[in-house]
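Take a look at the structure set out below.
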Amino acid sequence: GLRALLVLTLVTGVIYPLVVTGIAQGLFHGRANGSEITADGRVAGSSLIGQQHYSLDYFQPRPAHGLGSNTVNTRYKLIVSGATNLAADNPKLVASVETAKAAVVKENSTADYRVRPSQVPPDAVTSSGSGLDPDISPAYAALQAHRVAERNHLSVAQVNRLVRDHTTGRTLGFIGEPRVNVLELNIAVKELARGT
């Protein structure tokens, strides 16, 4: 029994993890290390985890209604995540969506461009299952383009080009929907605005 315990501990507790780690580092180095995104020579975040609290100068992510608060990680609040678990006809969810829609319309309307409530896509007013979705739909990015252009003294065409350049298609051509990574797009906006 003791020999079996030692052999299994060595195989499953040492050899197997080392082999898997080695393969991951060799074949998927970026992903194995957290899919980090760098900006200005430092890590700005991960392409896999959405961030909140961008100023209105930048593209806004999906709402993160399911996130709880904690005292350990106060910057990103990643320890507690999840959905609200409210049914689609729950009065609290309906009120939240209507309030969020009104805010999206107000925040994204500019002197030259008025957003209509019918233009607001679902991902602008609802959170993902985890509350940590790093991506938004191209429609939500396009809706925000006028505000981002105005606040950064860029043309709408320049911002729309950034959105197109940072839009990822469906995985394998048929899985999921086209999406735009908010962190990567905001880094590109910042670089364009300062002329780098």
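At a glance:
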| item | result |
| --- | --- |
| Which listed residue, of LYS92, LYS101, is surrounded by 14 or more Cβ atoms within 10 Å (Cβ to Cβ), modelled with pLDDT of 85 or more and of a type outside the set (Val, Ile, Thr) | LYS101 |
| Check on ARG116, farther than 15 Å from VAL189 by Cβ, assigned by the TED database to the domain that holds LEU48, open to solvent by 20 Å² or more (accessible area, probe 1.4 Å) and not small (Gly, Ala, Ser) | yes |
| Tabulated pairs, the stretch 136-154, first over 15 Å from LYS190 (Cβ atoms), second surrounded by 22 or more Cβ atoms within 10 Å (Cβ to Cβ) and of a type in the set (Gly, Ala, Ser), C-beta under 8 angstrom, 6+ apart or interchain | ILE136/ALA124; TYR140/ALA124; LEU143/ALA124 |
| Helices (runs of 4 or more DSSP H) within the stretch 1-71 that include 3 or more residues surrounded by fewer than 11 Cβ atoms within 10 Å (Cβ to Cβ) and not aromatic (Phe, Trp, Tyr) | 2-10, 16-27 |
| Residue in the stretch 119-130 that is surrounded by fewer than 17 Cβ atoms within 10 Å (Cβ to Cβ), farther than 23 Å from SER47 by Cβ and over 22 Å from the mean Cα position of the chain (by Cα) present | no |
| Qualifying residues in the stretch 162-184 (those that are closer than 24 Å to TYR113 by Cα and out of contact with any Ser or Thr (no Cβ under 9 Å at 6 or more places or on another chain)) - the one most open to solvent (accessible area, probe 1.4 Å) | ARG164 |
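The values are calculated or read from the model by the stated rules, or taken from the named source; none is laboratory data. The structure displayed is predicted, hence computed values, not measured ones. Here Cβ is always computed from backbone atoms with ideal geometry, including for glycine, and neighbour counts include all displayed protein chains. The accessibility values were calculated without ligands, DNA or RNA, using every heavy atom of the protein model including side chains. Shrake-Rupley method; radii C 1.70, N 1.55, O 1.52, S 1.80 Å.
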